[in-house]
Structure formats: C-alpha cells, structure tokens
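*Asks:* Have a look at the structure that comes next, please.
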Amino acid sequence: MHLIDGVPHQHLPDPHQPAAHGHGHGHRPIRIGIGGPVGSGKTALVASLCRALAGELGLAVVTNDIYTTEDADNLRRAGVLEERRIVAVETGCCPHTAIRDDISANLDAVERLEEELGDVQLSLIESGGDNLTAIFSRGLVDKQIFVLDTAGGDDVPRKGGPGVRDADLLVINKIDLAPFVGADIELMESDAKARRGDRPVAMTSLADGTAPPQVATWIRDQVHAWAHHH
Ligand SMILES: Nc1nc2c(ncn2[C@@H]2O[C@H](COP(=O)(O)OP(=O)(O)OP(=O)(O)O)[C@@H](O)[C@H]2O)c(=O)[nH]1
Ligand SMILES: [Mg+2]
C-alpha cells in the first residue's frame, strides 16, 4: 500500500496489460530518472526542463517524497507544466527502496499517467533525496541522471559510488555557489570524468530557472533515439 497524491492505492495487476511492467513492451515513452542527494537541485532541474521542453514534447512527471507531496506541489505552483501531467508518489519508506527495490508504486504511477495523458513522449521520475548509493532500477527507468551540487563538497565526485560512476548523465549543479563554499569546480569535473569513462558530465546552475542547454540537448537526444529504436 502506498499513496498517490495522498490517496491510498493498492498495487493490483491490470488484467488488460498482463506483462506491461518494465522493459520490452509496446510503444511506451522513454522514462528518465533523476536522482541524487537531498537538496542538490532535482526539482529545480525538472522545473527547468518542463519550461524548456513542454512546448515541443508531451511530458509527464512523477515525484517521490517520503511523507509529503511537496515536490509535486512546488512544480504545480511554479506553473511549469499542466497540473494533470504531474503526480506525486508518497512512499512512506526510504527513497532508494521506491526506485530500486520495490518499484511498484512508481511503475503504477507512471504507467497510469502515460495512459491517461495519451500523448506522452518523455516521463521524468524524480527520486526522493537520498545518498550517493541510490540509483534507479532499470525496470523503472530507461536512462538516469544523477544530480550533485557544489555545496555538498568538492570531494564528492572523487568518492565515486554508483550514481557518480554509472548514471547516464552526471549533473554537477549550483556552480554559482562554488566561490561561496570554496568548491573547486574544475577538480569536481575532472574527478567525475575520471570515474565515468565516456559518460557525460554537465556543470550547471539552475539559479535563474533556465534549463542548462547541454542537459536539454542530452534529453532531446535520448527521446529521439528512443523513438527511433522502439
Ligand atoms: N544558488 C542555487 N540554488 C539552487 C540551484 N539549484 C537549486 N537551488 C536551490 O536549492 C534548493 C534545493 O533545490 P531542489 O531543486 O528543491 O533540490 P532537490 O534535489 O529537489 O531536493 P529534495 O527533493 O528535497 O532532495 C532550492 O532552494 C533551490 O532553489 C542552483 O543551481 N543554484
Ligand atoms: Mg526535490
């Protein structure tokens, strides 16, 4: 049992879509997860992407909070996307459980939203803020972004961990704050790149609400590649 927008919800199999969960079925939209530590800028990134992409792509957004629907409320209040395109999953448990171990609440929410809206080309799923080891199950998302920030300490990329190392895109956010917190952003970028092989790193500031162009471009590329191959 979990809550979707505050309403108790039991996970029941849908008789019309027996094997609809996870990978490999039909022409569903690409699902991109956004994870990372508490306060790194996940919701700010989602908001900026909605501003940049809502005019060109059918969007759906699922947010995860442990006890509240705050992130979804913030996005609705910001008016970055039609309210009906945003759903909150309230898991009542550790954020990583809901995106990695027991993904049923999130799968229910995203499948339901995609079905209701009918025009979705990109679903964004924001994890609750967690620690450096929290990554999404590949049964829930097709690609994932991990968001760090300079204020969390410039040694974090060096410490590595699955998010830093394996996320399809690593975002190092709040570069505008680096001078105030004594963070060396060149060091953060080079440490991150050293752990990631060819996988991309984006250095960003979301302070003015504008989507970082390299992130928006990366998202567009993923959406187009997905549409092309499915
Ligand atoms: N200066 C500055 N502030 C930022 C930036 N990105 C986000 N913030 C602020 O940092 C705070 C946390 O941002 P959120 O987007 O809520 O972070 P989050 O990762 O969604 O947080 P949780 O969902 O609680 O884990 C907010 O007050 C944002 O306005 C940035 O690039 N620069
Ligand atoms: Mg958030």
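*Asks:* Would you mention how many residues in the stretch 133-172 are surrounded by fewer than 24 Cβ atoms within 10 Å (Cβ to Cβ), small (Gly, Ala, Ser) and assigned to a loop (DSSP other than H, G, I, E, B)?
*Replies:* Residues that pass the stated criteria total 6.
*Asks:* Please go through the stretch 142-167 and give me each residue that is out of contact with any Leu (no Cβ under 9 Å at 6 or more places or on another chain) and either on the phi < 0 side of the Ramachandran plot or within 16 Å of ligand 2 (Cβ to nearest atom) (or both), ordered by number. Outline the logic, then answer.
*Replies:* To start, the set of residues in the stretch 142-167 that are out of contact with any Leu (no Cβ under 9 Å at 6 or more places or on another chain) comprises 142, 152-153, 165-167.
Selection gives ASP142, GLY152, ARG165, ASP166, ALA167.
*Asks:* Could you check, for the stretch 80-99, whether at least one of its residues is within 12 Å of ligand 2 (Cβ to nearest atom), more than 23 Å from ILE172 (Cβ to Cβ) and within 16 Å of the chain's Cα centre (by Cα)? Quick ask: steps written out before the conclusion?
*Replies:* Within the stretch 80-99, the first condition is being within 12 Å of ligand 2 (Cβ to nearest atom), and the residues that meet it are 88, 95.
From the residues that got through so far, the ones that are more than 23 Å from ILE172 (Cβ to Cβ) too are 88.
Those left that are additionally within 16 Å of the chain's Cα centre (by Cα): 88.
Within the stretch 80-99 (the criterion being within 12 Å of ligand 2 (Cβ to nearest atom), more than 23 Å from ILE172 (Cβ to Cβ) and within 16 Å of the chain's Cα centre (by Cα)), the answer is yes, since at least one residue qualifies.
*Asks:* Take the conditions outside any helix (DSSP H, G or I), charged (D, E, K, R) and more than 20 Å from the chain's Cα centre (by Cα) and apply them to ASP191. Does it pass? Walk me through how you get there before you give the answer.
*Replies:* Values: outside any helix (DSSP H, G or I): no; charged (D, E, K, R): yes; more than 20 Å from the chain's Cα centre (by Cα): yes.
Against the criterion (outside any helix (DSSP H, G or I), charged (D, E, K, R) and more than 20 Å from the chain's Cα centre (by Cα)), ASP191 does not qualify.
*Asks:* Now a separate question. Out of curiosity, is THR91 touching a strand residue (DSSP E or B) at 6+ places or on another chain (Cβ under 6 Å) and more than 22 Å from GLY55 (Cα to Cα)?
*Replies:* On the way: touching a strand residue (DSSP E or B) at 6+ places or on another chain (Cβ under 6 Å): yes; more than 22 Å from GLY55 (Cα to Cα): yes.
Considered against the rule, which asks whether it is touching a strand residue (DSSP E or B) at 6+ places or on another chain (Cβ under 6 Å) and more than 22 Å from GLY55 (Cα to Cα), THR91 comes out as yes.
Here is a yes/no grid of residues against (1) farther than 21 Å from GLN222 by Cα; (2) out of contact with any Pro (no Cβ under 8 Å at 6 or more places or on another chain):
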site	(1), (2)
ALA44	no, yes
ALA54	no, yes
LEU57	no, yes
ILE66	yes, no
ASN74	yes, yes
ALA78	yes, yes
GLU83	yes, yes
VAL89	yes, yes
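*Asks:* Only one of these conditions is not met by GLU83: (1) over 19 Å from GLY41 (Cβ atoms); (2) among the acidic types (Asp, Glu); (3) out of contact with any helix residue (DSSP H, G or I) (no Cβ under 7 Å at 6 or more places or on another chain). Which number is it?
*Replies:* For GLU83, the exception is condition (3).
Every residue, every condition in (1) crowded, with 24+ Cβ neighbours inside 10 Å; (2) over 16 Å from the mean Cα position of the chain (by Cα); (3) modelled with pLDDT under 95; (4) within 15 Å of ligand 1 (Cβ to nearest atom), yes or no:
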position	(1), (2), (3), (4)
HIS21	no, yes, yes, no
HIS27	no, yes, yes, no
ARG31	yes, no, no, no
GLY36	yes, no, no, yes
ALA44	no, no, no, yes
CYS50	no, no, no, yes
LEU53	no, no, no, no
GLU56	no, yes, no, no
ALA60	yes, no, no, no
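*Asks:* Return the residue satisfying two criteria in turn: it lies in the stretch 35-65 and is part of a strand (DSSP E or B) and not acidic (Asp, Glu), and of such residues it is nearest to ILE175 (Cα to Cα). Before you say what the answer is, go through the steps one by one.
*Replies:* Step one: list which residues in the stretch 35-65 are part of a strand (DSSP E or B), which gives 35, 37, 59-65.
Going one step further and asking which of them are not acidic (Asp, Glu), we end up with 35, 37, 59-64.
Working: GLY35: 18, PRO37: 16, LEU59: 27, ALA60: 28, VAL61: 25, VAL62: 26, THR63: 24, ASN64: 25 Å.
Top of the filtered list is PRO37.
The values are calculated or read from the model by the stated rules, or taken from the named source; none is laboratory data. As the structure is a prediction and not an experimental result, all values here were calculated from the model. Note that we place each Cβ from the backbone using ideal geometry, even for glycine, and neighbour counts take in every protein chain shown.
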